[in-house]
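None of the figures in this text is laboratory data; all of them are computed from the coordinates on show. As the structure is a computational prediction, the values presented were derived from the model and not from experiment.
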Amino acid sequence: MKKLILLCCLFIGLTTASFAQMAAGSKPEEKAMELQKKLKLTDPQCKKVAAIYTESSAKFDKIKTETKGDNTKMLVAIEPLRTATIKKIKAVLTPAQKLKYDELVKSSKAAGGTGWSDGWSASK
């Protein structure tokens with residue numbers, strides 16, 4: 001019985017830790033830093049991308065509130081936001097970085113995610 005309780009506590013602890021990591025990885029500033037590593041962004045570029053992700057995240061939160069969690073309405077409403085976010089980020093990048101960024105967005109979508117094209121999804 002003690003082993004079962006210990007096992008349950010261990011499972012709950014690990015689950016909590018993994019959710020905390022996912023939440024931390026989805027902060028706009030941290031997400032921009034991850035993109036900095038992947039694309040070799042300069043510090044000024046990283047700051048601009050972080051600002052874009054922060055703005056995008058705030059707009060997403062507003063859409064989420066306005067649609068009251070209705071996923072169908074939310075998906076329709078966020079598509080223009082995602083497109084605008086991609087456009088703004090690409091405006092900050094060099095031509096070589098744009099190519100790598102396009103690959104990141106494409107591979108993320110192929111895997112069922114949207115992490116690099118917005119400011120609210122987890123990037124990992």
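What to note about this one:
- Given their separation in residues at 0.36 nm each and the Cα-Cα distance between them, E55 and N71 gain 3.7 nm when the chain is fully extended.
- The range 27-117 - percent relative contact order, Cα under 8 Å, separation 6 or more: 27
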